[in-house]
Structure formats: structure tokens, C-alpha cells
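**Student:** Handing you this structure, nothing more for now.
The values are calculated or read from the model by the stated rules, or taken from the named source; none is laboratory data. From a predicted model like this one, the values you see are computed outputs, not experimental measurements. Every residue, glycine as well, gets a Cβ built from its backbone with ideal geometry; the counts of neighbours run over all protein chains shown. Each accessible area value is taken on the protein alone, full model and side chains, heavy atoms only, with ligands, DNA and RNA left out. Shrake-Rupley method; radii C 1.70, N 1.55, O 1.52, S 1.80 Å.
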Amino acid sequence: YNLEKRKFFKNFGTIMIYGVIGTFISTIFISITLSLLSLTKIVFNFNFKESFGIGSLISATDSVAVLSAFKGIQGHDTLYQILFGESI
């Protein structure tokens with residue numbers, strides 16, 4: 001991994017906000033949406049625990065997918081460090 005410690009710790013607060021609060025919001029949003037779609041029979045019948053499990057899995061892998069796409073386009077270095085820190 002190419003982690004620059006100085007940039008990582010300089011942006012540590014931002015990384016924690018994206019990593020903790022952003023993932024929590026994403027998990028709740030996906031879980032509630034999947035539960036509501038399940039009630040309307042648009043998707044399989046999931047209870048709330050199953051919806052929460054799927055929401056947490058999708059939210060956790062989201063930053064890794066963005067990181068791999070971002071590395072391919074050679075984007076801004078500070079933004080890359082923030083995304084890398086969040087995915088860790």
C-alpha cells in the first residue's frame with residue numbers, strides 16, 4: 001500500500017467522518033430502503049435483520065470499489081488519501 005503517513009494523519013478527522021458517520025448513514029439508508037421494497041414485494045421478502053446485514057455489507061465494500069475506480073483515473077492526491085483512509 002502506498003500510504004503517506006503525513007497526509008493520512010493530516011486528514012484523519014475527515015477520514016473518520018467519512019469512515020464512521022458516512023458508512024453508518026449509508027447502512028441505515030440501504031437497510032430501510034431494502035425493507036420497504038421488501039414490503040411492497042418488489043424484491044425478495046427480507047426481514048429487518050436481513051436487510052441490515054445486506055446494507056452493512058454493501059456499505060463496507062462501497063469505498064473499496066470507489067478507491068479502485070479512482071486510482072484508475074489518477075485523481076487528486078489528497079482526495080485519494082482520504083478515500084484510502086476510509087477504505088482501511
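**Student:** Six or more apart or on different chains, Cβ atoms under 7 Å: show the pairs whose first residue is in segment 1-30 and without any contact (Cβ under 8 Å) to a residue 40 or more places away in the chain and whose second is part of a helix (DSSP H, G or I) and open to solvent by less than 90 Å² (accessible area, probe 1.4 Å).
**Tutor:** Ser26/Ser59; Ser26/Asp62; Thr27/Gly55; Thr27/Ser56; Thr27/Ser59; Ile30/Gly55; Ile30/Ile58; Ile30/Ser59
**Student:** Additional query: Could you list, in sequence order, the residues of segment 1-50 that are part of a helix (DSSP H, G or I), modelled with pLDDT under 85, in contact with a Ser or Thr (Cβ under 9 Å, 6 or more places away or on another chain) and within 16 Å of Leu79 (Cβ to Cβ)?
**Tutor:** Residues satisfying the conditions are Lys7, Tyr18, Gly19, Gly22.
**Student:** What tally of residues in segment 15-37 results from selecting those that are under 15 Å from Leu83 (Cα atoms) and open to solvent by less than 60 Å² (accessible area, probe 1.4 Å)? Step through it out loud before you land on a result.
**Tutor:** We begin by selecting, within segment 15-37, every residue under 15 Å from Leu83 (Cα atoms); these are 15-23.
If we keep only those that are open to solvent by less than 60 Å² (accessible area, probe 1.4 Å) too, we end up with 15, 19, 22-23.
The number of residues fulfilling the criteria is 4.
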